[in-house]
Every structure is written in structure tokens, then in C-alpha cells.
Amino acid sequence: MTLDPVLARIDADLPVAIDRLFGLLRIPSISTDPAFKADCDRAADWLVEDLRSIGVEASKRPTPGHPMVVGHVDGEGPHLLFYGHYDVQPVDPLDLWDAPPFEPRIEDTPNGKVMRGRGTSDDKGQLMTFIEACRAWKAVHGKLPCKITFFLEGEEESGSPSLIPFMEKNAAELKSDIALICDTSMVSPGVPSIASQLRGMLKDEFTLTGPRIDLHSGHYGGPALNPLAEIARIVAALHDDQGRVTVPGFYEGVYEISDNLRAQWGACGFDEETYLNSVGFTQSHGEAGYSTLELQWARPTLEINGLWGGYQGAGSKTVIPSKAHCKFTCRLVGDQDPDALRDRIRAHVESLLRPDCKIKWDTDLEGSPAPVMNTERPEFEQARKALSDEWSREAVLVGMGGSIPIAGFFKSVLGMDAMLIGFANDDDAIHSPNEKYDVESFHKGIRSWARILAELSA
């Protein structure tokens, strides 16, 4: 089964592939909002029918939340599992969108044509790059080049509560040689990238209580303990002047990257100035002594995500509030254990409390370790060759600052390695108003997957 006619078919069918994607994009499959449950079901049905149209035995599988879509096609050679998600983020604030978020459209920009709309990049556009590659193989050769399992989730943007139970229950059906994950990006525009390591995640929050009720600041100002002042003092003490986290044992399991990997990252085409300037920064902030990419990909963080309390209305109110609140997250690397780290952070915060300051921790525990890919597998070099051929630029192994728990779950639940390849760009505004996906990313993404399938099946 030759590759060239498959690539030619992809080129010829690009307009109809975009139209097909727009049909999926018009479905507002917002998984976190119960008001859109029927739309999530509709998106799953759409994908089942589309997979069946290319000969995949696909079905919608119920879960306590939104359904999974699972499909199988038999073939010779390796058995690949492809994962993507069809749910999307909420669109608020709606008034910041230039056009309705679920009415996808093509726009001309100084950098080329883009598809605009919720889900174009995260993750419907990326998901469809793989399906369209399979469609082209089927159209040209009458079959796909290898055995493939399709595994499409509907709860990724709302914490994936049904994912692990579903994987455990259906482990025998989902077990494959390697998993392919499309929910990632390129390190720089036009630089094909394979993610070799991600960061894990820990989430927590706490409430401080001082007086049992809000107090008049004239009557109690001075002798009273103010929870807002206390929470500010504690939060400020979580980092030193060099940007290092002060929690004892925080860096246990964190490793320095090799000189070879540091050199690869330095030559990957990342534009630090553009990256920082695009969000209003003139310099990198954080832990001293590390490059921006090292801080993003290989160093852990403790970030304050929300800090509030007291009077929030118009004007002023002379009050000493009873309570103050803090939400924080940690991005984890290496062998950091989220459960052990949570205990250390809580113990450290509690050690900073003053008398009469009481603390209550969140009971909804959430955390996942950092996945590290097995880049010694031959599939990584095969995929790297395929990507390099398509983009006429050496593909690179990169890190990722974000967390994609499914990569770790494939290993911990199914015993499978995963390979993460996506074609999004940093300026795609995922999770934000006016999300977009470059038409080039979609087109060359389809061609890239076609080449990868050819290399993996050779």
C-alpha cells in the first residue's frame, strides 16, 4: 500500500474534510455544564456514524457521565490505539467572542488561513486529523494499513471522572501495542514535535477562619487577627526570593535534565521573546537559574490560582472578615508523588498558622504524577522520520508544561506506552474566546498521520 496516492487524496479532499469538521464543531459539547448533556450525546453519535462511514466497527458506550466512543478496525501489522476527546470548554465570557463560538468559519490572518470556533484546536480539529488520514487510506487502498482501536472521550474538559473505571472495565478490549494521543501542540509554528515528558498535577484549597463573625474594624482593629492578612503572609512565604518553593521536601523526586536534552531544547526553534511578550512580560519569572523552557517543561511549580475574602462590593466596608480562602495547584515533574507532596504542603502551611487562626482543607483530593514517555521504543524514531519528511524540518522531542493524565493512565491502567503528537500552536487560544486552528495545522496534520501510519506499518 503506497503512500503517495494517499497524500494526494488528502490534498484533494481538504475542502470537504473542513466541511466535515465544521459539522462536528457546530455541536456545543460542553461536558462540564449539565445543560449540554444532550449535545455531548449528539457529538458521540456524530463520531460513531463518521467512523462507521470508513469501515470502523464503532459504538457509543454509556458511562455515569458522558459516553465514550470506541471503534475497531482489523488489519495486519501493529495494533495502535488512537485517543482524542470530543468535549469542549465553556465559552464564557461570550461577549469577548468576535462571532458565535459554535458557528465555525474560515478567516484570513497575516499568518495564513485559520479555522475559528470552540473546539477547532482543542480537540475536535486535532482528533479529526487522524480520522481524516484513516479516511484517505481507506478511500485509496480499501482498507487501513494496520489494526486500529479508536478511543474517544467526552469528559476530558471536566476531569474525566468516568475514564479510569471505563478503562479498567474494558482493559482487554482497549489493550494495544502503543497509544497515540493527539491533544498536544508544536513547540513553535512549523516545528513538528513529539512530547517526551509532561508535568503532573496536584490541586488543593483551604479556608482560614479568624473571628467567628465579621468584625467592626473600629471595635476590633488592632487586637483582632485578620484572616486576609494571615493568608497573604502564608502565601508570600511559600516561595523564597529566588523563586524556589519553601515547602520542606518539595523537590524530592525532581531531577536535572541532561546536557544533551538541554541542547535539543535550545535548538528547537522556541522564540522566548515572542512567547513572553505575547502575554505582556519583558522577562522570565520564577525559579532562578533555569531557562524559560526548563521552567515550563522540567521544573515543578506551586501556583496560587485564587485568593479571596472579605468585602467585594462597591465602595468600602470597615470590616475585619471572618474567613479568607486560597486555591492553589502544583505542576509536578520527575518522580514527585502528589499524595506525599500534598501532605508536606499542608503540614508546612499549618506550621505557619498563628494562634486563633483555624484552617479547613478541601476534601476533594485530586492529583496525578508526571508521565514520562518511553522514547527508546522504535515507534518514536519512526514517527519522528514521518514528521520530518512532511514538515521539511527535523522533528523534535519536547517537554510539555501541561498535564494530560490519560498518558499516565494508559501506562498505569493498561500497561501501555503512549506517544503524543499534535499540531496546535501556542496562539490557538484554547479554553479562551476566539479559539482557532490553523488550516495548515489541519492539512499537514492529516498528512502527518498518514505518513506515521505508513512508517509504523512498514
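Selection over region 417-450 of residues that are part of a helix (DSSP H, G or I) and touching a Leu at 6+ places or on another chain (Cβ under 9 Å) gives a count of 8. The single condition among (1) closer than 19 Å to Leu180 by Cα; (2) surrounded by 19 or more Cβ atoms within 10 Å (Cβ to Cβ) that Ala458 does not meet is (2). Does Glu381 meet the test of being surrounded by fewer than 18 Cβ atoms within 10 Å (Cβ to Cβ), at pLDDT 95 or above, touching a Gly at 6+ places or on another chain (Cβ under 9 Å) and not in a loop (DSSP other than H, G, I, E, B)? The answer is no for Glu381.
For beta carbons closer than 6 Å, sequence separation of 6+ or different chains, a first residue in region 394-410 that is more than 23 Å from Pro161 (Cα to Cα) and a second that is modelled with pLDDT under 90, the qualifying pairs are Val396/Cys268; Leu397/Ser196; Gly399/Gln197.
Just one of the numbered conditions (1) part of a helix (DSSP H, G or I); (2) surrounded by fewer than 17 Cβ atoms within 10 Å (Cβ to Cβ); (3) not hydrophobic (A, V, I, L, M, F, W, C) is not true of Arg20: (2).
Exactly one residue out of Gly243, Gly253, Gly269 is at pLDDT below 95 and in a loop (DSSP other than H, G, I, E, B): that is Gly269.
Anything in region 88-132 that is of a type in the set (Lys, Arg) and buried (at least 21 other Cβ atoms within 10 Å of the Cβ)? List them, or say none. Walk me through how you get there before you give the answer.
Taking region 88-132 as the starting set, the residues that turn out to be of a type in the set (Lys, Arg) are 105, 113, 116, 118, 124.
If the condition is that a residue be of a type in the set (Lys, Arg) and buried (at least 21 other Cβ atoms within 10 Å of the Cβ), then Arg116, Arg118, Lys124 are the ones that fit.
When restricted to residues that are within 18 Å of the chain's Cα centre (by Cα), small (Gly, Ala, Ser) and surrounded by 18 or more Cβ atoms within 10 Å (Cβ to Cβ), region 159-179 contains 3. Per the conditions (1) crowded, with 18+ Cβ neighbours inside 10 Å; (2) charged (D, E, K, R); (3) closer than 27 Å to Ser160 by Cα, the sole criterion not satisfied by Glu57 is (1).
Quick check on region 3-17: of everything there that is of a type in the set (Asp, Glu) and in a helix (DSSP H, G or I), which residue is surrounded by the most Cβ atoms within 10 Å (Cβ to Cβ)?
Here is the first cut: in region 3-17, the residues of a type in the set (Asp, Glu) are 4, 11, 13.
Still in the running and in a helix (DSSP H, G or I): 4, 11.
Working: Asp4: 9, Asp11: 11.
Checked region 3-17; the qualifying residue surrounded by the most Cβ atoms within 10 Å (Cβ to Cβ) is Asp11.
Can you pull out the helices (runs of 4 or more DSSP H) entirely within region 89-179 that have at least 3 residues that are modelled with pLDDT of 95 or more, touching a helix residue (DSSP H, G or I) at 6+ places or on another chain (Cβ under 6 Å) and not assigned by TED's automatic domain parsing to the domain that holds His443?
none
When region 324-368 is limited to residues that are touching a helix residue (DSSP H, G or I) at 6+ places or on another chain (Cβ under 6 Å) and of a type outside the set (A, V, I, L, M, F, W, C), the one that is farthest from Pro223 (Cα to Cα) turns out to be Ser368. Screening the candidates Leu453, Leu414 for the property of being among the aliphatic types (A, V, I, L, M) and out of contact with any Leu (no Cβ under 7 Å at 6 or more places or on another chain) yields one hit, Leu453. Applying the condition of being outside the structural domain of Asp356 (by TED's automatic domain parsing), β-branched (Val, Ile, Thr) and not in a loop (DSSP other than H, G, I, E, B) to region 180-223 and asking which residue is surrounded by the fewest Cβ atoms within 10 Å (Cβ to Cβ) yields Val191. Only one entry of Asp33, Asp74 meets the criterion of being among the charged types (D, E, K, R), under 28 Å from Gly159 (Cβ atoms) and touching a residue at least 12 places away in the same chain (Cβ under 8 Å), and that entry is Asp33.
Scanning region 337-357 for residues that are touching a residue at least 40 places away in the same chain (Cβ under 8 Å), within 24 Å of the chain's Cα centre (by Cα) and closer than 19 Å to Ile304 by Cα yields a count of 3. Scanning region 44-65 for residues that are touching a strand residue (DSSP E or B) at 6+ places or on another chain (Cβ under 9 Å) and part of a helix (DSSP H, G or I) yields a total of 8. What is the one condition in (1) loosely packed, with under 14 Cβ neighbours inside 10 Å; (2) not assigned by TED's automatic domain parsing to the domain that holds Tyr437; (3) not hydroxyl-bearing (Ser, Thr, Tyr) that Ile231 does not satisfy? Single failed check for Ile231: (1). Taken together, the residues in region 291-322 that are assigned to a loop (DSSP other than H, G, I, E, B) and more than 23 Å from the chain's Cα centre (by Cα) amount to 11. For region 23-47, a residue qualifies if it is crowded, with 20+ Cβ neighbours inside 10 Å and among the aliphatic types (A, V, I, L, M), and the qualifying residues are Leu24, Leu25, Ile27, Ile30, Ala43, Ala44, Leu47.
Just one of Ala44, Ala8 is closer than 29 Å to Gly75 by Cα, of a type in the set (A, V, I, L, M, F, W, C) and in contact (Cβ under 8 Å) with a residue 24 or more places away in the chain; which is it? Reasoning before the result, please.
Numbers: Ala8 fails: in contact (Cβ under 8 Å) with a residue 24 or more places away in the chain.
Within the list Ala44, Ala8, the selection yields Ala44.
Of everything in region 244-295 that's within 30 Å of Ser392 (Cβ to Cβ) and among the charged types (D, E, K, R), which residue is surrounded by the fewest Cβ atoms within 10 Å (Cβ to Cβ)? Only one residue tops the list, namely Asp259. For region 384-425, the candidate set comprises residues that are under 17 Å from the mean Cα position of the chain (by Cα) and surrounded by fewer than 17 Cβ atoms within 10 Å (Cβ to Cβ); within that set, the residue that is nearest to Ser158 (Cα to Cα) is Gly402.
For His72, the conditions (1) crowded, with 24+ Cβ neighbours inside 10 Å; (2) more than 19 Å from the chain's Cα centre (by Cα) all hold with the exception of (1).
The values are calculated or read from the model by the stated rules, or taken from the named source; none is laboratory data. On a predicted model such as this, the values are computed, not experimentally measured, just so you know. Positions of Cβ are generated from backbone atoms using ideal geometry, with glycine treated the same way; all protein chains shown enter the neighbour counts.
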